[in-house]
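The values are calculated or read from the model by the stated rules, or taken from the named source; none is laboratory data. In this text the structure is predicted, and so the values were computed from the model without any measurement. No Cβ is skipped: glycine too gets one built from the backbone with ideal geometry, and neighbour counts run over all protein chains shown. For the accessible areas, the whole protein counts, side chains as well, though only heavy atoms, and no ligand, DNA or RNA atoms are used. Shrake-Rupley method; radii C 1.70, N 1.55, O 1.52, S 1.80 Å.
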Amino acid sequence: MTPNRPQVVIVGAGDAGYQAARTLSRKVGDGAEIVLVNPTGVAQHRELLPQVMTGVLSPDRISVPLAETLPGVRVVLGTVTHIDAGARRVLYDGGVLAYDRLIVAVGGVSEVATVSAVSPHSVGFHDVDQALHLRDHIHRQLATAAASTDPLERAACCTFVVLGAGYAGVAAASAGQSLSHSIACRDPRLRDQPIRWILADPAEWLLPDARHRLSRTTARTLRSRGVEVRTQTSLGQITTRGLRLTDGEFIPTRTIVWSFGVRPDPLVTNLGLPAEQGRIRVDEHLAVPGHPEIYACGDASAVPDLTRTGKLTPMSSRHAVRQGMLAGANVAASLGFGSRRPYQHRLRDSIADLIPTSERPLSMA
């Protein structure tokens, strides 16, 4: 780091970190040294996981090589273990990085592994590996049902429950329903076998951070495709045979898809920075109170929702992308390139964005 060239360190290359690095590099050019620290050399577009699950896209199509797509950004492979805000240093398993500005975008971690210890039928839907696992799991369950003569076993194998009706849950239920029916249509043994997809959430409506009109339209579209939408309904009990919902119904199933259960990276709790709901507290410009040189975005940040007083923006890839872009722009502004703006999101999602429309997955051969 030279006296005349400030160094910006970005921790994490998920949806938020990647966009922050991309935006910052474009705005400052050679005006700052940008360092991106990430355990791997690729970033993934999580919003395309439904297309991976159905086979419309291969995993490599949604994976972006960092070094090749972020010109002007130095990519450092490593896992950050500590951030010393007082000394302005980032410690990772390969050394130490000093910073003039810091963007924390470590994202969240899935808690499906913990749930899987309770039920062997638990499947996550937060990354490419989990999307591929879910795709293979659906194939296996339908193959088991087709080969079975036990009607109860067939019904359980053909029943899929998605818990959590945010963006990920809606996409998982829609894409899963499309994939399972596509598979069943090609197997005469499943021609008359009902296939159930159930989407449950304790909230009053789907997509709690979306406009009610979009939520209602989404629910109506899902129901028209055969997905059973259960609002104000959550998990009551899990057994080896299935699960019981809080409405009292026991559902025999071999598939429980967890689209929630994401919490901020454990690194967040050890930073000594102000926190809210387990996330780093930031102002509307994504800066940390008391540390104007530190910004946070994505799942690791508690971003105030200016459209709903007293609320925080949800942890979702759509918010992470937008927040990452703004964090990069606001850090650039703090270095004299442009002006700061608050995070004021206006969701422009359509049903086409939320519910994949492709009904025919690519051949798995």
**Fill in**
Long-range amide H partners of Ile280, meaning residues 5 or more apart or on another chain whose placed amide H is closer than 5 Å, are Ser301, Ala302
**Complete:** Note to self: with every protein chain in place and a 1.4 Å probe, the stretch 152-200 gives an accessible area per residue in Å² of 32
**Protection proxy ranking of 14-27, 82-95 - average other beta-carbon atoms within 10 Å, highest first** = 14-27, 82-95
**Where the stretch 205-284 is the region considered: accessible area per residue in Å², 1.4 Å probe** = 51
**Prompt:** Packing-wise, with mean Cβ within 10 Å as the measure, how do 251-260, 266-275 rank, highest first?
**Reply:** 251-260, 266-275
**Asked** So what's the angle, to the nearest 10 degrees on a 0 to 90 scale, between helix 128-147 and the longest Cα principal axis of the chain?
**Response** 0
**Prompt:** With charges only on Cβ, +1 for K and R and -1 for D and E, what is the dipole size of the stretch 135-233 about its Cα centre, in debye, rounded to 20?
**Reply:** 360
**Asked** Taking +1 at the Cβ of each Lys and Arg and -1 at the Cβ of each Asp and Glu, which of Met315, Leu271, Ala173 sits farthest along the dipole of the chain towards its positive end, judged by Cα position relative to the Cα centre?
**Response** Ala173
**Request:** Just the number, please: carbon plus sulfur as a percent of the accessible area of the stretch 251-331, 1.4 Å probe, no ligands or DNA/RNA counted.
**Result:** 54
**Request:** Bin all alpha-carbon pair distances of the stretch 250-350 at 10 Å intervals from 0 and give each bin's fraction as a whole percent.
**Result:** 14, 43, 27, 10, 4, 1
**Prompt:** Do you know the relative contact order of the chain, to the nearest whole percent, from alpha carbon pairs under 8 angstrom that are 6+ apart?
**Reply:** 21
**Request:** Considering the options Val161, Leu49, Gln141, tell which one lies farthest towards the positive end of the dipole of the stretch 44-162, charges being +1 on Lys and Arg and -1 on Asp and Glu at the Cβ, about the Cα centre.
**Result:** Leu49
**Item:** Rounded Å value of the spacing that divides the Cα centres of the stretch 173-231 and the stretch 1-74
**Value:** 33
**Request:** Would you work out the charge dipole size for the chain about its Cα centre, treating the Cβ of every Lys and Arg as +1 and the Cβ of every Asp and Glu as -1, and quote it to the nearest 20 debye?
**Result:** 820
**Request:** Work out, step by step, the length gained on full extension between Arg213 and Glu284: first 0.36 nm times the residue separation, then minus their alpha carbon distance; give nm to one decimal.
**Result:** 22.9 nm
**Request:** Please work out how much length the chain gains when fully extended from Arg5 to Arg61, using 0.36 nm per residue of separation minus the C-alpha to C-alpha distance, in nm with one decimal.
**Result:** 16.6 nm
**Charge-dipole axis of the chain as Lys and Arg at +1 and Asp and Glu at -1 on Cβ define it, positive-most pick from Ile10, Leu132, Ala219** = Ala219
**Prompt:** When the helix-only estimate is applied to the chain (DSSP H runs of n ≥ 4, each -39,500 (n - 2.57), divided by the residue count), what is the mean residue ellipticity at 222 nm, nearest 500 deg cm²/dmol?
**Reply:** -9000 deg cm²/dmol
**In order through the stretch 195-205: 3J(HN,Hα) via Karplus (6.51 cos²θ - 1.76 cosθ + 1.60), integer Hz, x for Gly, Pro** = 10, 9, 10, 10, 10, 10, 7, x, 6, 6, 8
**Prompt:** Taking the mean number of other Cβ atoms within 10 Å as a proxy for protection, how do you rank 295-307, 131-143 from highest to lowest?
**Reply:** 295-307, 131-143
**Asked** Helix 317-334: angle to the longest alpha-carbon principal axis of the chain, degrees 0 to 90, nearest 10?
**Response** 0
**Extension gain (nm, one decimal) between Leu306 and Ala275, 0.36 nm per residue minus Cα-Cα** = 9.3 nm
**Prompt:** What do you get for Rg/Rh over the chain if you use C-alpha atoms and the Kirkwood form of Rh?
**Reply:** 1.01
**Request:** Please report the relative contact order for the stretch 1-97, taking Cα pairs under 8 Å with a sequence separation of at least 6, and give it as a percent rounded to a whole number.
**Result:** 26
**Asked** Carbon and sulfur atoms: what percent of the 1.4 Å accessible area of the stretch 37-185 do they account for?
**Response** 55
